[in-house]
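Undergrad: Supplied in structure tokens, the structure appears directly below.
Coordinate-derived values only; no laboratory data. All figures in this text were calculated on a predicted structure; none of them were measured in a lab. Here Cβ is always computed from backbone atoms with ideal geometry, including for glycine, and neighbour counts include all displayed protein chains.
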Amino acid sequence: MVAHTYRVAVFIDWQNVYKGAREAFGMLGQSSEQGNFSPYQLARRLAAGNDRGADGELVLVEIHRGLPSSSRDPVGFGANRRQSAAWMRENPELVIPRLRPLRYPEDDSEEPEEKGIDVQLALSAVEAALLNKCEVAVIFSHDTDLRPAVEMISRITRPSHVETAAWISPNFKKRLRTRPPVYHHALPESVFRSVATPVNYAYLGDNPN
């Protein structure tokens, strides 16, 4: 009997997942590089999860995040671009950073905000599922605003075509809980440590590429 190969696409809500790792695994208050990880290596684990093993073929890794302004925050802009380039170097055919400009308030004392990242990620995941770009779409986020996207894919295709992922620790149990439920990847600290990349991309030189 020929084994069935499952084409798996992973969609990562970067800032939400990065902050979630820092909260879940006791890194709040530590330097900013603590919480960074390799999206590609993590996605490979998710592709093999749910008992797929070698039958899980990773076909796409999208990382959705905000992009600082090059004029208002050149250090943040450069760090963001260098980190995105590092992600892509691991597998440029599969890893795609989806960067959306941050929204800056008129009052410079206020922090810029990510706007539309969850909608952008949701549309990408739904498109991949409906256009048969993958057989399983894994949405990695703790943001409940993404629950409707998971439920839509489950309803229009079938529940086995979408999965969720989240970090988990004794003090951190945030996750997407859908109706009906879909398969969930609960990722402990041991998984995070195996894919962690504690690099400060703000201090790797002046070339953002």
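Conditions tested, residue by residue: (1) basic (Lys, Arg); (2) under 21 Å from Ala122 (Cα atoms).
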| position | (1), (2) |
| --- | --- |
| Ala24 | no, no |
| Val61 | no, yes |
| Arg81 | yes, no |
| Ala85 | no, no |
| Pro92 | no, no |
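Undergrad: Would you say Pro92 is more than 17 Å from the chain's Cα centre (by Cα) and more than 22 Å from Ala149 (Cβ to Cβ)?
TA: No.
Undergrad: Can you say whether Ser160 is within 22 Å of Glu90 (Cβ to Cβ), in contact with a Phe, Trp or Tyr (Cβ under 9 Å, 6 or more places away or on another chain) and of a type in the set (Ser, Thr, Tyr), as far as the supplied structure shows?
TA: Taking the combined requirement at face value, the residue does not satisfy it.
To keep it simple, each residue is scored yes or no on (1) surrounded by fewer than 19 Cβ atoms within 10 Å (Cβ to Cβ); (2) in contact with a Phe, Trp or Tyr (Cβ under 6 Å, 6 or more places away or on another chain); (3) touching a residue at least 24 places away in the same chain (Cβ under 8 Å); (4) not in a helix (DSSP H, G or I).
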| residue | (1), (2), (3), (4) |
| --- | --- |
| Asn80 | no, no, yes, no |
| Gln83 | no, yes, yes, no |
| Arg89 | yes, no, no, no |
| Arg100 | yes, no, yes, yes |
| Pro105 | yes, no, no, yes |
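Undergrad: What residue, of Glu113, Glu90, is in contact with a Ser or Thr (Cβ under 7 Å, 6 or more places away or on another chain) and acidic (Asp, Glu)?
TA: Glu90
Undergrad: Give the residues of segment 123-169 that are among the polar types (S, T, N, Q), surrounded by 15 or more Cβ atoms within 10 Å (Cβ to Cβ) and in a helix (DSSP H, G or I), sorted by residue number.
TA: Those that are among the polar types (S, T, N, Q), surrounded by 15 or more Cβ atoms within 10 Å (Cβ to Cβ) and in a helix (DSSP H, G or I): Ser124, Ser154.
Undergrad: Here is a follow-up. Select, from Glu33, Glu62, the only residue that is of a type in the set (D, E, K, R) and in a strand (DSSP E or B).
TA: Checking each option against the conditions leaves just Glu62.
Undergrad: Quick one: count up the residues across segment 137-173 that are farther than 17 Å from Ala9 by Cα and free of Cβ contacts under 8 Å to residues at least 12 places away in the same chain.
TA: Number satisfying all stated conditions: 3.
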